[in-house]
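What follows is a set of notes on a single structure, which appears directly below.
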Amino acid sequence: MEQKDYILREIEKIGMIISLIRQKLFGGTKNQSVTVEMQLKDLKEMLLSGINFDLDEFMSLNIEDSNNYLCGFKGFSVENIEYLAESISEICLGKNVSASKKYLEKALQLFELCNLKSKTYSLKRETNIETIKSLLF
């Protein structure tokens, strides 16, 4: 019972951190001049300081290694992986930046990983996958 409570707290903690990151990056429309590079830098810093998640290292991993990396963090549920994928893809969607392709490919990997791990179908996830695929291919 105590172990289950601990795991649930970890899942909620990671979910809350990723939600706060998303809110900071996308919550307001005050600063439209924020560049993709600045948003990615902020995302990297917040993930590193919040949950010790190294986005640069994570970006270099294939899907199997990415899954193993995520499994190393207690609390990375399918929902939290999907939040991370949405955060990465929202920064790069519609932007014409050379780094965008790499990040969109990683977001696509994460959404596909969610499909493999999840027992439920998500229309939102499938829509995100199709949007990214249309931009990449």
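Some observations on this one:
- Scanning region 98-132 for residues that are within 22 Å of GLU37 (Cα to Cα), open to solvent by 40 Å² or more (accessible area, probe 1.4 Å) and either modelled with pLDDT of 90 or more or not polar (S, T, N, Q) (or both) yields LYS101, LYS102, GLU105, GLN109, THR131.
- Among the residues of region 7-34, the ones that are farther than 14 Å from ILE81 by Cα, surrounded by 11 or more Cβ atoms within 10 Å (Cβ to Cβ) and at pLDDT 70 or above come to 5 in all.
- When residues of region 76-93 are limited to those that are more than 8 Å from the chain's Cα centre (by Cα) and either buried (at least 22 other Cβ atoms within 10 Å of the Cβ) or not hydroxyl-bearing (Ser, Thr, Tyr) (or both), the one modelled with the lowest pLDDT: LEU93
- Any pair with Cβ under 8 angstrom, 6 or more apart, that starts in region 70-90 at a residue that is farther than 16 Å from ASP54 by Cβ and ends at one that is modelled with pLDDT of 90 or more and part of a loop (DSSP other than H, G, I, E, B): VAL78/SER118; GLU82/SER122
- Taken over region 41-97, the criterion of being on the phi > 0 side of the Ramachandran plot and of a type outside the set (S, T, N, Q) is satisfied by GLY75, GLY94.
- Yes/no for PHE53 being out of contact with any Lys or Arg (no Cβ under 6 Å at 6 or more places or on another chain), farther than 24 Å from PHE137 by Cα, at pLDDT 90 or above and open to solvent by less than 20 Å² (accessible area, probe 1.4 Å): yes
The values are calculated or read from the model by the stated rules, or taken from the named source; none is laboratory data. Note that the coordinates shown come from a computational prediction; the quantities given were computed from them, not determined experimentally. As a convention, Cβ positions derive from the backbone with ideal geometry for all residues, glycine included, and neighbour counts pool all protein chains shown. Each accessible area value is taken on the protein alone, full model and side chains, heavy atoms only, with ligands, DNA and RNA left out. Shrake-Rupley method; radii C 1.70, N 1.55, O 1.52, S 1.80 Å.
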